[in-house]
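For reference, the structure is listed below as structure tokens.
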Amino acid sequence: ATPMSVMVAVGKAAEYGMLVRSGEALQKASHLTTVVLDKTGTITEGRPSVTAIVPRQDFTEDQVLALAAGLEQTSEHPLAEAIVEAARGRGLDIAPCEQFEAVTGAGVKGLQGHCSVLLGNARLMQENGVEIAPMASISSELAEKAQTPMYLAVDNQLAGIVSVADPIREDSAAAIERLHALGIKVMMLTGDNAVTAEAVARQVGIDAFHAEVRPEDKEAHIRRLQAEGEVTAMTGDGINDAPALARADVGLAIGAGTDVAIEAADITLMRSSLHSVADAIELSRATLKNIK
Ligand code: ADP
Ligand code: MG
């Protein structure tokens, strides 16, 4: 009877738009105590767009955007796509970039013409000795509106801010409420800055989050929760979520996410909705709870 009901549950899951790789993962879903969610592309849509450009001193908005796009045309980060698209939308000349380098979880750098250009978070600026104090309050204001502001520096002088926003999925708050009603703790992990993370967490009703998490540390957070006795699910979409998806008791990948995340996960959510996480838990509790 055991393998039979697992098979039935796996089939039912498919009707709900969940592709389940192993019956074992679905069984574990009935025992979950904590669900960890990635922010970008999981709680949010993963389709960011540029929402503000704030130039500094002699720079214009177009110059700031064109320099940022010059760096990002080589990057594959979702933030990069938004910036290049905005520059193309304004018909700007995007200069080629030399010696491009992506600093994982922090930003990008390179040479444009005779200038060194940096774009990224406060940590990237600090590591390169760029003084961000003149724009720190503008940056916080944008982050408090759940946007992701990035600093631009030219020859290690602050030149402006490019801010990007990724809309929160319209059903994320309702789905998180369902998880809470099922008695599940819901935590968010993000590489984004703490102010933006807090704004998103507040809007969707998450109480615990970790911000500025480096890609290699997401898995460590899952391990720590497991060591504390939590049966833990991870839900994510990105390459940087893959180790955490593999480590979790149940890894759930957003179907619209990267192949690397899908390969690392036990369950793929074809609906790209967090409601599917609650569906998986309800389904597995209803059909599998009494099975060893
Ligand atoms: P997430 O967990 O949200 O996917 P990442 O770890 O990829 O975040 O990045 C963390 C932060 O590093 C971003 O919020 C951004 O400030 C900065 N960053 C990363 N990649 C880039 C990039 N290509 N251009 C500009 N900033 C970047
Ligand atoms: Mg993501």
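Values in this text are rule-based calculations from the coordinates and carry no lab data. Just so you know, these numbers come straight off a predicted model, no measurement behind them. Please note: Cβ atoms are built from the backbone with ideal geometry, for glycine as well, and neighbour counts cover all protein chains shown.
The table below gives the values:
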quantity	calculated
Ranked list, fewest to most other Cβ atoms within 10 Å of each Cβ, for MET188, MET7	MET7, MET188
Counting DSSP beta bridges with both ends in the chain, the antiparallel % (nearest 5)	60 percent
Over the chain: helical MRE at 222 nm, DSSP H runs n ≥ 4 each giving -39500 (n - 2.57), nearest 500	-12000 deg cm²/dmol
Where a label projected 7 Å from the Cα of GLU98 along Cα→Cβ would reach, residues of segment 106-140 with amide N under 19 Å	109-119
Estimated FRET transfer efficiency when R0 is 25 angstrom, pair ARG224-HIS31 (beta carbons, to 0.05)	0.85
5 angstrom amide H check on ALA52, placed H, neighbours 5+ away	SER163
Estimated vicinal HN-Hα couplings, Hz - segment 212-226 in sequence order (Karplus 6.51, -1.76, 1.60; Gly, Pro = x)	6, 7, 6, x, 6, 9, 4, 4, 4, 5, 5, 4, 4, 4, 5
Extension reserve of the ARG214-GLU144 stretch, reckoned as 0.36 nm per residue once the Cα distance is removed	23.1 nm
Gained length - ARG271 relative to ALA52, 0.36 nm times residue gap less alpha-carbon distance	75.8 nm
Karplus-derived HN-Hα couplings along segment 253-262 (A = 6.51, B = -1.76, C = 1.60, θ = phi - 60°), whole Hz, x at Gly and Pro	9, 5, x, 7, x, 6, 4, 4, 5, 4
Tail fraction, Cα-Cα pairs, segment 49-165, threshold 26 Å, whole percent	7 percent
